Amino acid sequence: VQGRRLIGGRQAGGRGERFWPKSPQSLPKQFLNLTDDGKTMIQLTVERILPLVAMEDIYISTNRDYKALVQAQLPGIPEENILCEPVGKNTAPCIGLGAVHMKKKYGDAVMIVLPSDHLIKYTSIFLNTLSDAADVAEQGGDLVTVGITPTYPETGYGYIKFQPDSVRGRAFAVERFVEKPDLETAKDYLATEQYLWNSGMFIWKVSTILDNLNAFLPETCDGLRRIEEAIATPEEQAVLEREFAAFKSESIDYGVMEKANSIYILSGSFGWDDVGSWLAVGRIKKSNEFGNVVSGNVVTVDTKNTIIQGDEKLIATVGVHNLIVVDTPDAMLICDAGSAGNIKKVIENLKICNRTQYL
């Protein structure tokens, strides 16, 4: 669609903790193939958006350590569209970097910001939602986001409350952003039918997000202007290094969205999954009649509701239920499914013990 541009990816913060040991620091989860189609999540993200945005108008914002991975997995992306952050500073500087590059090239355009590590089941519904969101963003200076219609009282996501009587197209005015709730609060949110999960997807004009960054994060915006002035000059890399190092680490949610006044949200019901842990593999891939999801050289006996990810080495399980088993050449994970959220503690332990070869 003419005028609509995409910056995709939030790789800078992804260090593979929740998908360890399959996803070490050198291979964050967006570069993994976790589905049955042989494609990685970042490849699927780009492929999914192509009916709306031409390949040459897609930008990938990533940590510079992952530039080679991006080039290998997305050879169609122009090299100048791979924006390499010298150091991770959370999503506000990341998105701002994309915005100034787009301003330099296009002047102004609608910018669609998508995480690169989500899976979407119903692509056509997803694209229609983004198109409707872009229509709202084009009309004025509103920030637009897509929320996910909650299907259960999830405590691991942030929520967004909207005003059902304030409508613009298919979008509702946002009343407030709220942090991850406890279970009872999450149940209350669902009962009101006025809360959506915060997906981290945003749609706005380049000028709109830069105006809001200037209003709420002025020092960051000043640094972004200096980066913009240096784009395509011999000083570009030196200026990028200097300014990024000085940025305060700030999320776009906390730095801008929770403070801005004119925000609209569209409800998304397109089979969204944020693939937050190994448990997501149980939702994404087909399970057998015993509820097991297996990959690799595996034999199971009296095994139920277990995720087993291996390779050439034989993995045999006997009489176990509700486990996660992941085998790699360097490490093996055996985890109770109910404790999947604690896998990051293994990373913490390895760091403390200086066993960095397993990270």
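The values are calculated or read from the model by the stated rules, or taken from the named source; none is laboratory data. Because the structure is a prediction, the values reported are computed rather than measured. Here the Cβ is made from the backbone with ideal geometry for all residues, glycine too, and neighbour counts use every protein chain on show. Note: accessible area is taken over every heavy atom of the protein model, side chains too, but ligands, DNA and RNA are not part of it. Shrake-Rupley method; radii C 1.70, N 1.55, O 1.52, S 1.80 Å.
Side notes on the structure shown:
- Mean residue ellipticity, 222 nm, helices only, the chain: the sum of -39500 (n - 2.57) across DSSP H runs of n ≥ 4, divided by residue count and rounded to 500, is -9500 deg cm²/dmol.
- Segment A246-E179, length gained on full extension (0.36 nm per residue, minus Cα span): 21.4 nm
- For K351, the accessible area of its heavy atoms, probed at 1.4 Å with every protein chain present, is near 100 square angstrom.
- Between the range 59-136 and the range 241-303, the Cα center-to-center distance that results, in Å: 16
- Taking all protein chains as they are arranged and a probe of 1.4 Å, the heavy atoms of S166 leave approximately 30 Å² accessible to solvent.
- Orientation-averaged projection of the range 201-359 equals 14.9 nm² [convex hull of Cα atoms, one quarter of hull surface area].
- Across H321, H118, H101, mean-square fluctuation computed from a Gaussian network of the chain (C-alpha pairs under 10 Å connected) peaks at H321.
- Residues Y152, Y157, ordered by accessible area of protein heavy atoms at a 1.4 angstrom probe radius and largest first, appear as Y152, Y157.
- R0 of 56 Å, Cβ-Cβ distance Q139-Y358: FRET efficiency to nearest 0.05: 0.65
- Solvent-accessible area per residue, Å², over the range 305-359 with all protein chains present [probe radius 1.4 Å]: 60
- Flagged links, alpha-carbon separation over 30 Å, of K39/K89; K205/K248; K89/K304; K104/K344; K161/K304; K22/K180: K89/K304; K104/K344; K161/K304
- Qualifying GluC sites (Glu not before Pro) in the range 269-359, DSSP loop, other Cβ atoms within 10 Å at most 14: E289, E312
- Modelled label reach - A72, point 7 Å along Cα→Cβ, the range 34-56 residues with backbone N closer than 17 Å: 34, 38-44
- Top of G296, G319, G200 by mean-square fluctuation, Gaussian network on the chain, Cα under 10 Å: G319
- A simple count of charges around T185, restricted to other residues whose Cβ falls under 13 Å of its Cβ and scoring Lys, Arg +1 and Asp, Glu -1, yields -2.
- Full extension of the chain between D65 and Q194 gives 42.4 nm of extra length, using 0.36 nm per residue less the Cα-Cα distance.
- Among T40, T233, T123, residue whose mean-square fluctuation peaks in a GNM of the chain (springs only between Cα atoms under 10 Å): T233
- For the pair L350 and K187 in one chain, pulling the backbone fully straight at 0.36 nm per residue adds 55.0 nm over the alpha carbon distance.
- Ranked from largest, the principal axis spans of the Cα set of the chain equal 61, 52, 38 Å.
- Those aspartates and glutamates that a straight Cα-Cα span of less than 14 Å connects to K286, excepting residues fewer than 8 apart in one chain: D36, D37
- Label-to-label distance, S287 versus I231, with points set 7 angstrom from Cα along the beta-carbon direction: 4.7 nm.
- For V167, solvent-accessible area (1.4 Å; no DNA, RNA or ligand), Å²: 80
- For the chain, the carbon plus sulfur part of the accessible surface works out to 48%, probe radius 1.4 Å.
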